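Read through the structure below, which is laid out as structure tokens, and then see the notes.
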Amino acid sequence: MPKRIPVVEKILSANDRIAQENRARLDEAGVFSINLMASPGAGKTSLIEHTVQRLARQFRLAAIDGDIATSIDADRAAAAGATAIQINTGGQCHLDAVMLRDALKQLDLIEFDLLLVENVGNLVCPADFELGTHKNVLIASIPEGDDKPYKYPGMYKDVDALIVNKIDLLPYIAFDMDYFRRGVELLNPGLVTFPISCRTTEGLDEWLDWIKTNARP
Amino acid sequence: MHELAITQQILGIALKHGQSVKAKKITDLYLVIGQLSSVVDDSVQFYWDMISEGTICQGAKLHFDRIPASLECRHCGEIYTLEDGTLTPCPRCDSINVNVITGKEFRLESLEVEE
Ligand SMILES: Nc1nc2c(ncn2[C@@H]2O[C@H](COP(=O)(O)OP(=O)(O)O)[C@@H](O)[C@H]2O)c(=O)[nH]1
Ligand SMILES: [Mg+2]
Ligand SMILES: [Zn+2]
């Protein structure tokens, strides 16, 4: 006789469990951690470089860079002054909690105050996989267009902060900031937003202040 | 996309629960997936047929219950759904101060088993 049995289990519960373990390890070591998500080319690595350079005197910094292949991004973060670890996902479109756990094992966490995680460039998949970081931050950039909140609601809905990068390009690109912000407001009312340019460094101070008020060196 | 990773998770959860009731066979899986979750049904079914082979889940049918995205207006209290997943302001008062209440579900609700 066929029989129906209830399950009611979140499909990604295994990932979420490991994310909680990651968080516990980071908390125990006193490391404040940020997961940076964005499409390819939005400026994740550029932002990490600036953040590391500007905060290196106050914070002991580590960067973990997720990419499908190569260690280019980790090399850039290391050149900027962070202890950097590269994760190659071997084709996978996002980082998950297991990958972060393995990368954390390579760091002596007690030696750090701030961890920046660069997720794989993708506006869909990383949103589904909690890593256990304290904050999830999305970087949008002007050349991507003003319709992205409407097209990628899953990504905009749950992040803790939004960076709008490449504002130096606003004079050259048709980007309706009101339309963009309306979409963001719809999904994530009151989301803290930092318009910045990694090229001119405009707006970076506000972003760095946000980190400083959230992390404790 | 990460449908293979997701399908492996579904198989793992189904086997765990199937074994706990000593099922001979799992014939049906009922999944609840919100409209705002980025999962392609066909692709999950494709991987499912591949990876369930040789397990008690082989040949099991996947049922997808798609939950539409619904929003609640904080201004006037109106509750409305998004027809095609495109975001729209409150249809009653045009406010954009709204709260997403459903659409992010992503779980295995139940199984049908033969004991
Ligand atoms: N004009 C301009 N270009 C930028 C800005 N930030 C980053 N870029 C450029 O955008 C490209 C991609 O940046 P990168 O940090 O590698 O992006 P990632 O793929 O998200 O890590 C590089 O050529 C950067 O020099 C910016 O604020 N303005
Ligand atoms: Mg990069
Ligand atoms: Zn309303």
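Which one is nearest to ligand 3 (Cβ to nearest atom) among residues in the stretch B:58-88 that are assigned to a loop (DSSP other than H, G, I, E, B) and either under 25 Å from B:Lys25 (Cα atoms) or hydroxyl-bearing (Ser, Thr, Tyr) (or both)? Before you say what the answer is, go through the steps one by one.
Step one: list which residues in the stretch B:58-88 are assigned to a loop (DSSP other than H, G, I, E, B), which gives B:58-60, B:68-69, B:74-78, B:82-88.
Going one step further and asking which of them are either under 25 Å from B:Lys25 (Cα atoms) or hydroxyl-bearing (Ser, Thr, Tyr) (or both), we end up with B:58-60, B:86, B:88.
Working: B:Gln58: 50, B:Gly59: 48, B:Ala60: 43, B:Thr86: 18, B:Thr88: 11 Å.
The selected residue is B:Thr88.
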**Item:** Within the stretch B:9-27, considering residues that are at pLDDT 95 or above, more than 9 Å from chain A (Cβ to nearest Cβ) and in a helix (DSSP H, G or I), the one nearest to B:Asp49 (Cα to Cα)
**Value:** B:Leu11
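To keep it simple, each residue is scored yes or no on (1) closer than 28 Å to A:Phe129 by Cβ; (2) not aromatic (Phe, Trp, Tyr).
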position: B:Cys76; (1), (2): no, yes
position: B:Tyr80; (1), (2): no, no
position: B:Leu87; (1), (2): yes, yes
position: B:Arg92; (1), (2): no, yes
position: B:Val98; (1), (2): yes, yes
position: B:Phe106; (1), (2): yes, no
position: B:Glu114; (1), (2): no, yes
**Fill in**
Restricting attention to the stretch B:28-53, the residues that are charged (D, E, K, R) and within 11 Å of chain A (Cβ to nearest Cβ) number exactly 1
**Asked** Would the stretch A:197-210 turn up any residue that is loosely packed, with under 14 Cβ neighbours inside 10 Å, among the aromatic types (Phe, Trp, Tyr) and part of a helix (DSSP H, G or I)?
**Response** no
**Request:** Identify, from the list A:Ile139, A:Ile163, A:Ile173, A:Ile110, the residue that is surrounded by fewer than 16 Cβ atoms within 10 Å (Cβ to Cβ) and in contact (Cβ under 8 Å) with a residue 60 or more places away in the chain.
**Result:** A:Ile110
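To keep it simple, each residue is scored yes or no on (1) within 28 Å of A:Ala174 (Cα to Cα); (2) in contact with a helix residue (DSSP H, G or I) (Cβ under 9 Å, 6 or more places away or on another chain); (3) within 16 Å of ligand 1 (Cβ to nearest atom); (4) of a type outside the set (Ser, Thr, Tyr).
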site	(1), (2), (3), (4)
A:Asp75	no, no, yes, yes
A:Gly91	no, no, no, yes
A:Thr133	no, yes, no, no
A:Gly145	yes, yes, yes, yes
A:Tyr150	yes, yes, no, no
**Prompt:** Of all residues in the stretch A:1-39, which are within 14 Å of chain B (Cβ to nearest Cβ), closer than 30 Å to A:Asp108 by Cα and in a strand (DSSP E or B)?
**Reply:** A:Met37
**Request:** Go through the stretch B:47-89 and count every residue that is touching a residue at least 40 places away in the same chain (Cβ under 8 Å) and out of contact with any strand residue (DSSP E or B) (no Cβ under 9 Å at 6 or more places or on another chain).
**Result:** 3
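The values are calculated or read from the model by the stated rules, or taken from the named source; none is laboratory data. Treat the numbers as computed from the prediction; the structure is a model and nothing was measured. Note that each Cβ is placed from the backbone with ideal geometry, even for glycine, and that neighbours are counted across all protein chains shown.
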